[in-house]
Amino acid sequence: MKTLYTAEALASGEGRDGNARTNDGKLDVSLASPVELGGDGQGTNPEQLFAAGYAACFHSALRLVGREERADLTDSA
């Protein structure tokens, strides 16, 4: 299978309390543990980034199927 796209990211610092960025510079975020896990909550965390990526991919798949089925997706989120 031909590779269509590859993404690269680098995390630095103290893991959950550091920085993450992509090699193309389109994403550069400070990471911080959430308050619920003993952190200061002043940045995003890996779980939030994973959830956002999953949500975007899942929504894209739903929209593809919706278009094929000619469903009204005006308010989809």
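Entry remark, segment 5-22: residues being assigned to a loop (DSSP other than H, G, I, E, B) and not small (Gly, Ala, Ser) number 4 in total.
Table: residues versus (1) at pLDDT below 95; (2) in contact with a helix residue (DSSP H, G or I) (Cβ under 8 Å, 6 or more places away or on another chain).
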residue	(1), (2)
Glu8	no, no
Gly38	yes, no
Pro46	yes, no
His59	yes, no
Arg67	yes, no
Ala77	yes, yes
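Which residue is surrounded by the fewest Cβ atoms within 10 Å (Cβ to Cβ), if the candidates are limited to segment 1-20 and must be in contact with a strand residue (DSSP E or B) (Cβ under 6 Å, 6 or more places away or on another chain) and within 30 Å of Ser76 (Cβ to Cβ)? Here the residue is Ala9. Among the residues of segment 22-77 satisfying the criterion of being over 27 Å from Ala11 (Cβ atoms) and among the basic types (Lys, Arg), which is surrounded by the most Cβ atoms within 10 Å (Cβ to Cβ)? Result: Arg63.
The values are calculated or read from the model by the stated rules, or taken from the named source; none is laboratory data. It should be emphasised that the depicted structure is a prediction, and the values quoted were computed from it without experimental measurement. Positions of Cβ are generated from backbone atoms using ideal geometry, with glycine treated the same way; all protein chains shown enter the neighbour counts.
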